[in-house]
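Please treat every number below as a calculation from the coordinates, not as lab data. The structure displayed is predicted, hence computed values, not measured ones.
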Amino acid sequence: MPEETHECCDTCKYKLHLVRFDYSHGGCEHTDMDGYVCMAFASEGEAVWMIGNCPSIGQCEMWTPKGDK
């Protein structure tokens with residue numbers, strides 16, 4: 001029997017880890033950033049930088065389980 005998935009940002013296919021790539025000083029410096037990126041509105045040309053909410057309990061109407069298309 002499949003395990004039930006808790007519906008929150010952490011389990012959403014649209015949530016991505018956020019890393020800053022800085023090329024301004026030669027080479028490329030990678031820095032993990034606070035928050036995460038939500039790609040729920042990618043079809044409208046927007047990537048949303050989410051901060052200040054708890055991804056383990058946060059959820060919006062666009063929640064889609066990881067693995068779904």
Handout entry: the chain: most fluctuating residue of C12, C28, C38 per GNM, C-alpha cutoff 10 Å
Key = C28
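To one decimal place, what Kirkwood hydrodynamic radius in Å is obtained for the chain from all pairs of distinct Cα atoms?
Values: mean 1/r = 0.0738 Å⁻¹.
This gives a value of 13.6 Å.
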